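Visitor: Mind looking over this structure? Questions follow.
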Amino acid sequence: MELVKYVLIFAFFCNGNAELDTLAGGEKSNYTFPKDFVFGVSTAAVQIEGAWDEDGKSPSIWDHLVHTNKTFVRDGSTADVAANSYHLYKRDAEMVHELGVNIYRFSISWPRVLPTGFVNNINPLGIAYYDNLINELLRYNITPMVTIYHWDLPQKIQDIGGWTNSLIVDYYTDYANVLFKHFAHKVKYWVTFNEPMQTCLEGYGGTYRAPALNRHGIAEYLCTHNLLKAHANVYHMFKTHYNETGGKLGMSLDSNWAEPRSNTARDREAVEVYLSTHMGWYAHPVYSPSGNYPPQLIDLVNAKSKKQNYTRSRLPEFTKEEVDFIRGTADFFGLNHYTTYLLSMADKEVGAIPSHENDVGVVRVQDPSWPSMSSSSWLKVVPSGFRRLLNYITKKYPGYPIIVTENGYADYSGLDDTARVSYYSHYLNALLHAIHEDHSNVSGYFAWSLMDNFEWDDGYVSRFGLYLVDFKSPNKTRTPKQSAKLYTEVIASRRLPEDYNPHDFSAFSSASALAPSLLPFILYRLLH
Ligand code: GBE
């Protein structure tokens, strides 16, 4: 039985991906993190704060979604209380300090600061909460990094179209201006948007993120169009009015790495099509030397729209002035990265018609032999993919330091989180190799996440924290896991532990336990 399993896995590799010959991110063991390299931890307002209707806060699109659609979240939970950080922020700051981390990335809730969505009513208690948190961090010498928008639009703004309403460029700019006025003298790092692709593609084009609008083929493009303009507008406002604060501003894009499913020219092309139409959808307008949407996306949506009898492309056009206004509007490239996929060209229509997925026309799968026992089924452990992605970004979008604003691993909870320890070791090893061997331009790394939290549609099932949160206890007790200790050790020593082995993936492989459930996939792969 064991033998059969290995023969099948071997056969899968021969038949499948020829490029990714090793999972390891690199062999050398003596690399250290550069002196000025910064380590951080990340969280987001919806996921930790709770207090969803306290002290004047109005509902966000996430409050609205999980309150009205009771089956949306895997465990039927809500973010009403979450980790209760609205009341426990002092403990949060203390944990960041305990970890020895230099920077804490958290997000500000728009409906907590502006309950109407607009600046006619600035909530003093909302401002006070974030002011207290920032002061608490500064007291410990921790640098705050603020995400201005981590998915929680005021529902009142959604009611008038949300990110598909072009006036949101002004609404968002006004909101950001309030934050800069109150906090720019204390906050040196700003992220305008966390993972805009999740907001637009999944939230407006799909049902996987709020507002779950599902108007695919149209709304994801409209949302992106307004969001990119809003980002650029805020960047220019920041540089015009707040430049003397010395603050840095950027965007955090989510990107998987992609490998060709087979070693054919067509599948290698699928990789480039995938990267340029997903990460590139947001990166090309802001970070490429030429600006605008990636030419591949413009051509693909144009061709499909014509074929589908639309009078114009479903992808809105930027004027020459807008292209110039958006290009170069960042001080750093924020990257959220978790996993890798295998790509091939679709040989028939894929996805709903019309949709971004259908426009792009590639197929994305994962190799069932890649290690993972994660509670998040998409989270396969491929450290070499991280290294390759950092290289790709360095070459494709030169001139911007990369800050990895999120990276991490999910499990079903427990203090003895050996899989998470292994994940962080492998990904930090890949990062060290990207810096030292490939000269990737990376200046910081943030672990996702400081503590267990409300993992969106996965509720409290999937745990990403360095600290375990006991959600049943009245005071949401936080306890450091093994991974917290590893992270502290790495930060203090600036290197990986002595006993780290880049080829040891055993933490993910009660392989014999998993293998039977993998067999159908492997057989499927062999037959196709
Ligand atoms: C980030 O998103 C978020 O910024 C953060 O809030 C979140 O808690 C954290 O990661 C962990 O999830 O069926 O293969 O298409 C793919 C991560 C789902 C970006 C999950 C979508 C990762 C992109 C499902 N991925 N996500 S499927």
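Visitor: Would you be able to tell me the number of residues in segment 91-122 that are under 19 Å from N177 (Cβ atoms) and open to solvent by 10 Å² or more (accessible area, probe 1.4 Å)? Even if it seems obvious, please write down each step before you answer.
Guide: Taking segment 91-122 first, the residues under 19 Å from N177 (Cβ atoms) are 107-122.
Then keep just the ones that are open to solvent by 10 Å² or more (accessible area, probe 1.4 Å); that gives 115-116, 118-122.
Of the residues in segment 91-122, 7 are under 19 Å from N177 (Cβ atoms) and open to solvent by 10 Å² or more (accessible area, probe 1.4 Å).
Visitor: Which residues, counting only those in segment 475-504, are buried (at least 21 other Cβ atoms within 10 Å of the Cβ), closer than 16 Å to A410 by Cα and not aliphatic (A, V, I, L, M)?
Guide: K481, S483, Y487
Visitor: Further question on the same structure: Could you list, in sequence order, all residues of segment 24-50 that are assigned to a loop (DSSP other than H, G, I, E, B) and crowded, with 20+ Cβ neighbours inside 10 Å?
Guide: Of everything in segment 24-50, those that are assigned to a loop (DSSP other than H, G, I, E, B) and crowded, with 20+ Cβ neighbours inside 10 Å turn out to be G25, G26, F33, T43, A44, E49, G50.
Visitor: Take G351 and tell me if it is within 16 Å of the ligand (Cβ to nearest atom), closer than 30 Å to N292 by Cβ and either open to solvent by 10 Å² or more (accessible area, probe 1.4 Å) or hydrophobic (A, V, I, L, M, F, W, C) (or both).
Guide: Answer is yes for this residue.
Visitor: Also, I was wondering about something else. What's the number of the only condition in (1) touching a residue at least 60 places away in the same chain (Cβ under 8 Å); (2) touching a Lys or Arg at 6+ places or on another chain (Cβ under 9 Å); (3) among the small types (G, A, S) that S355 fails to meet?
Guide: Result: S355 fails condition (2) only.
Visitor: I would also like to ask the following. Write out, first by first residue and then by second, each pair whose Cβ atoms fall under 8 Å of each other, whose residues are 6+ apart or on separate chains, and whose first residue, in segment 308-333, is at negative phi while the second is among the small types (G, A, S) and open to solvent by 70 Å² or more (accessible area, probe 1.4 Å).
Guide: Final answer for the pair search is R327/S290.
Visitor: Okay, next question. In segment 230-267, which residues are more than 18 Å from V360 (Cα to Cα), buried (at least 21 other Cβ atoms within 10 Å of the Cβ) and within 21 Å of the chain's Cα centre (by Cα)?
Guide: Of everything in segment 230-267, those that are more than 18 Å from V360 (Cα to Cα), buried (at least 21 other Cβ atoms within 10 Å of the Cβ) and within 21 Å of the chain's Cα centre (by Cα) turn out to be A230, H231, A232, V234, Y235, L249, G250, M251, S252, L253.
Visitor: Can we say T245 is away from the ligand (no atom under 16 Å from the Cβ) and either over 19 Å from G40 (Cβ atoms) or in contact with an Asp or Glu (Cβ under 7 Å, 6 or more places away or on another chain) (or both)?
Guide: Numbers: away from the ligand (no atom under 16 Å from the Cβ): yes; either over 19 Å from G40 (Cβ atoms) or in contact with an Asp or Glu (Cβ under 7 Å, 6 or more places away or on another chain) (or both): yes.
Yes; evaluated as a whole, the condition is true for this residue.
Visitor: Every residue in segment 406-464 that is hydroxyl-bearing (S, T, Y) and either within 12 Å of the ligand (Cβ to nearest atom) or within 17 Å of R478 (Cα to Cα) (or both), please.
Guide: Y409, Y412, S413, S449, Y460, S462
Visitor: Looking only at residues that are among the acidic types (D, E) and open to solvent by less than 60 Å² (accessible area, probe 1.4 Å) in segment 134-193, which one is farthest from G40 (Cα to Cα)?
Guide: If we take residues in segment 134-193 being among the acidic types (D, E) and open to solvent by less than 60 Å² (accessible area, probe 1.4 Å), then D152 is farthest from G40 (Cα to Cα).
Visitor: Since S276 meets every condition but one in (1) farther than 30 Å from Y424 by Cβ; (2) open to solvent by less than 10 Å² (accessible area, probe 1.4 Å); (3) without any contact (Cβ under 8 Å) to a residue 24 or more places away in the chain; (4) of a type outside the set (A, V, I, L, M), which condition does it not meet?
Guide: The one condition S276 does not meet is (1).
Visitor: Now for a different question. Among the residues of segment 379-391, is any open to solvent by 10 Å² or more (accessible area, probe 1.4 Å), part of a loop (DSSP other than H, G, I, E, B) and not basic (K, R)?
Guide: The answer is no; no qualifying residue exists.
Visitor: Oh, and also: Taking segment 465-502, which residues are more than 16 Å from the ligand (Cβ to nearest atom) and either modelled with pLDDT under 95 or hydroxyl-bearing (S, T, Y) (or both)?
Guide: Those that are more than 16 Å from the ligand (Cβ to nearest atom) and either modelled with pLDDT under 95 or hydroxyl-bearing (S, T, Y) (or both): S473, T477, T479, Y487, T488, S493, Y500.
Visitor: Same structure, new question: Mind checking which pairs have a first residue in segment 112-131 that is at positive phi and modelled with pLDDT of 95 or more and a second that is part of a loop (DSSP other than H, G, I, E, B) and surrounded by 15 or more Cβ atoms within 10 Å (Cβ to Cβ), Cβ under 9 Å, 6 or more apart or different chains?
Guide: G117/S58; G117/L153
Visitor: If only one of A219, A270 is farther than 29 Å from F72 by Cβ, in contact with a Leu (Cβ under 6 Å, 6 or more places away or on another chain) and buried (at least 20 other Cβ atoms within 10 Å of the Cβ), which one is it?
Guide: A270
Visitor: Continuing with this model, one more query. Considering segment 466-496 alone, what residues qualify as being free of Cβ contacts under 8 Å to residues at least 12 places away in the same chain and part of a loop (DSSP other than H, G, I, E, B)?
Guide: Passing the criteria: D470, K472, S473, P474, T477.
Visitor: Considering segment 299-325 alone, what residues qualify as being more than 17 Å from A352 (Cα to Cα) and open to solvent by 70 Å² or more (accessible area, probe 1.4 Å)?
Guide: Scanning segment 299-325 gives D299, T311, R312, E317, K320, E321, F325.
Visitor: Please give the number of the condition Y221 fails out of (1) over 23 Å from N120 (Cβ atoms); (2) within 16 Å of the ligand (Cβ to nearest atom); (3) out of contact with any helix residue (DSSP H, G or I) (no Cβ under 6 Å at 6 or more places or on another chain).
Guide: So Y221 meets the others, but not (2).
The values are calculated or read from the model by the stated rules, or taken from the named source; none is laboratory data. Bear in mind that the values here come from a model prediction, so they are computed numbers and not experimental data. Neighbour counts are summed over all protein chains in view; Cβ atoms, including those assigned to glycine, are modelled from backbone coordinates with ideal geometry. Please note that ligands, DNA and RNA were not included when accessible areas were found on the heavy atoms of the full protein model with its side chains. Shrake-Rupley method; radii C 1.70, N 1.55, O 1.52, S 1.80 Å.
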